1. For LYS230, list the lysines whose Cα falls under 30 Å from its own Cα; do not include residues on the same chain fewer than 8 positions away.
2. Assuming 0.36 nm per residue, please report the length gained on full extension of the stretch ASN93 to TRP408 beyond their Cα-Cα distance.
3. Can you sort GLU18, GLU89 from fewest to most other Cβ atoms within 10 Å of each residue's own Cβ?
4. How much length is gained if the chain between LYS85 and PHE108 is pulled fully straight, taking 0.36 nm per residue apart and subtracting their Cα-Cα distance, in nm to one decimal?
5. Which of the peptides 313-324, 405-416 is most tightly packed, and how do the rest follow, going by the mean number of other Cβ atoms within 10 Å of each residue?
6. So if each residue of separation counts as 0.36 nm, and I subtract the Cα-Cα distance between SER385 and GLU53, what length gain in nm does that give?
7. How do 295-306, 330-341 rank on mean C-beta neighbours within 10 Å, highest first?
8. Nearest 0.05, what FRET efficiency do ALA211 and ILE277 give at R0 = 35 Å with Cβ-Cβ as r?
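A short reminder: the numbers here are calculations on the coordinates, not readings from a lab. Not measured: the values here are computed from a predicted model. Using ideal geometry, Cβ is built from the backbone for each residue, glycine included, and neighbour counts are taken over all protein chains shown.
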Amino acid sequence: MPEEISKDPKSRIQSWLETAPPRWFVAYAVLAAFATYFCMYAFRKPFAAAKYEGLAFFDTEVDFKTILVISQIIGYALSKYVGIKVCSEISRNNLARFLVGLILFAEFALLLFGLVPEQFKVAAIFLNGIPLGMVWGSVSRYLEGRRATEVMFAGLSCSYIVSSSSVKAFGTWLMDRGIDQFWMPVIAGACFLPFFIMAVYLLNQLPQPSAADIADRSKRSVMNSSERWKFFRTFLPAMLMLLLVYFFLTAYRDFRDSYTPRIFEALGYDTKPDLFIKADWPVAFAVMAALAGLNLFRDHRRGLIAVFAVMLLGIVLMGGATLLHDFKIISGLWWMILVGMGAYLAYVPYGAVLFERVIASTKVAGTAVFAIYLHDAIGYTGSVSVQLYKNLGQGELDYYQFLRGFTWLLCGLGLVCFVASCIYFMSKHKLAAEGEEEAIRKPAD
């Protein structure tokens, strides 16, 4: 089914973007996408800045904050499963309204979080997670299928690395000024709502991919259920290996992100707001530089190899940093920075450039958003599972000890599956290239 083309009159911004020099077009797209997703995190993560100490879930021994984190992630994971269909089928003309509607729903849930009695706040934060999981896919639809997609996704990916620590610091700042921990999230969201709406407006001005974009990256269209299943079957062995790694990788990233204060406490640090920023901002710049560098590879085969090289580098960095910390060569802060950097180097390409390069190199029809959301759905299922396992099965371990052991598990699994997946996709690229050569040699009827 072809993508709908808007017949509305073009705005001045759209007209300028269609003729703007590539560097200005890319800069505009990066800033608009970055701002949109950065503001989204103001509706998702500020609640994690509070500790909710002394509270239990229905008089059980389960930590109240753990239940809140898991509840939101369950809603977020369900959103990813819904997004497999919705984000790969929704037309471009409806994306902006859809994005604003998602955020308004999330803000309403945060209002309920402040209003309802303590034991029902779990349901409110669950509702908050449901719309937010579809924001990434909606924003991605504006960026994929372009010659500079890697650079654009680098900027977009940088947003969620720095935004989590930034909005948690903002939430802590609000509580330091007397705002109740249960009302702080909705106030934080209200502060960012006008900026989110403006960012979506600017993002929606991006024109459709040009003819040159389509020639280089192949046409991106919405996908129905049969097309999605065909895509999955085409790459089944590699998809299964990548899904397995992503199951644990998402859980690792989310565990480190949600329990940063407790990990630092176990490492002996005083958890001040600036500590969160110190742990994440260096990560963001390193990941952004790595992803932007992938745009230098114009050949899609080499580009796909480079993507896997970045992901493998992330896995090696996690293991190396853990060894250095074990031998007391680096501090706990540097360990958090380096394992975070490694985790994001392995994690971010899934939601950005990996499947963009897979589609471009194999010429398979479809949209990268489907593959991204399939992995996200499995990944956040893993996040819920691992956090429940930590709370119910490994309660005697502190948060640092658990994350350290988790690091070694992920290193072994990632090394094997990433290498095997890369080899598999290279064989698919070779088949696609041979098919193109045969089509060129075949005489016209």
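1. Reachable lysines: LYS80, LYS85, LYS219, LYS363, LYS428, LYS430, LYS442.
2. 108.9 nm
3. GLU18, GLU89
4. Stretched out fully, the LYS85 to PHE108 stretch lengthens by 5.9 nm.
5. Per-residue mean Cβ counts within 10 Å order the peptides as 313-324, 405-416.
6. 117.2 nm
7. Descending packing order for the listed peptides: 330-341, 295-306.
8. For R0 = 35 Å, the calculated efficiency reads 0.25.
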